[in-house]
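Single-structure report; data block below.
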């Protein structure tokens with residue numbers, strides 16, 4: 001037996017070896033141990049790669065989601081605070097606009113939270129996924145509305161024969 005370390009031992013059968021042959025065998029065992037360790041490290045690196053990519057994606061998603069949650073929350077909060085304030089006398093039209101802003105922001109926030117909850121259920125395997133066609137006239141306006149102030153800068157031309 002050639003002890004390499006606490007975890008590795010090279011066991012050889014046969015005649016007793018002379019000292020010079022034993023040194024050659026020990027050198028061979030050390031090289032085999034290095035190759036085994038390199039293979040183990042390569043497997044661990046192969047496993048760590050996708051995990052690191054998943055972690056990067058989670059971080060990016062969290063940053064985007066936190067921004068997307070804060071924006072409608074801040075809009076609704078500011079609209080309500082403005083309406084509750086006593087410093088300014090709001091006209092009926094201004095009050096209606098502030099209420100509409102709060103309502104729109106809270107609806108967007110509700111959609112975001114529902115989507116996040118659905119996404120967490122999907123990841124947990126609790127919720128199934130069914131793919132189905134969706135009409136563009138349902139998706140495009142909602143997507144543009146979600147752009148907030150940038151929605152006024154969107155231009156496009158969708159072909160009527162687009163499936």
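Quick rundown of the values:
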| read-out | value |
| --- | --- |
| Which listed residue, of 27, 79, is modelled with pLDDT of 85 or more, in a helix (DSSP H, G or I), surrounded by 11 or more Cβ atoms within 10 Å (Cβ to Cβ) and more than 42 Å from the chain's Cα centre (by Cα) | 27 |
| Tally, over segment 4-14, of residues that are part of a loop (DSSP other than H, G, I, E, B) and touching a helix residue (DSSP H, G or I) at 6+ places or on another chain (Cβ under 6 Å) | 2 |
| Residue 121 farther than 18 Å from residue 67 by Cβ and either at pLDDT below 85 or under 29 Å from the mean Cα position of the chain (by Cα) (or both) | yes |
| Candidates 94, 55, 68, filtered to the one that is closer than 30 Å to residue 112 by Cβ and touching a residue at least 40 places away in the same chain (Cβ under 8 Å) | 68 |
| Cβ-Cβ under 6 Å pairs, at least 6 apart or on other chains, segment 145-160 side at negative phi and touching a residue at least 12 places away in the same chain (Cβ under 8 Å), far side outside any helix (DSSP H, G or I) and exposed (fewer than 10 other Cβ atoms within 10 Å of the Cβ) | none |
| Residue check for residue 129: exposed (fewer than 10 other Cβ atoms within 10 Å of the Cβ) and in contact with a helix residue (DSSP H, G or I) (Cβ under 7 Å, 6 or more places away or on another chain) | yes |
| Members of segment 86-115 found to be surrounded by 10 or more Cβ atoms within 10 Å (Cβ to Cβ) and farther than 21 Å from residue 144 by Cβ, listed by number | 90, 94, 95, 96, 98, 99 |
| Filter result for residue 73 (crowded, with 16+ Cβ neighbours inside 10 Å, under 19 Å from residue 150 (Cβ atoms) and touching a helix residue (DSSP H, G or I) at 6+ places or on another chain (Cβ under 9 Å)) | no |
| Condition met for residue 47 (free of Cβ contacts under 8 Å to residues at least 40 places away in the same chain and closer than 30 Å to residue 5 by Cβ) | yes |
| Among (1) in contact with a helix residue (DSSP H, G or I) (Cβ under 7 Å, 6 or more places away or on another chain); (2) not in a loop (DSSP other than H, G, I, E, B) - the single one residue 17 does not satisfy | (2) |
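The values are calculated or read from the model by the stated rules, or taken from the named source; none is laboratory data. Just so it is clear, the model here is predicted, and its values are computed rather than measured. When we count neighbours, we look across all protein chains shown, and the Cβ atoms used for this are built from the backbone with ideal geometry, even at glycine.
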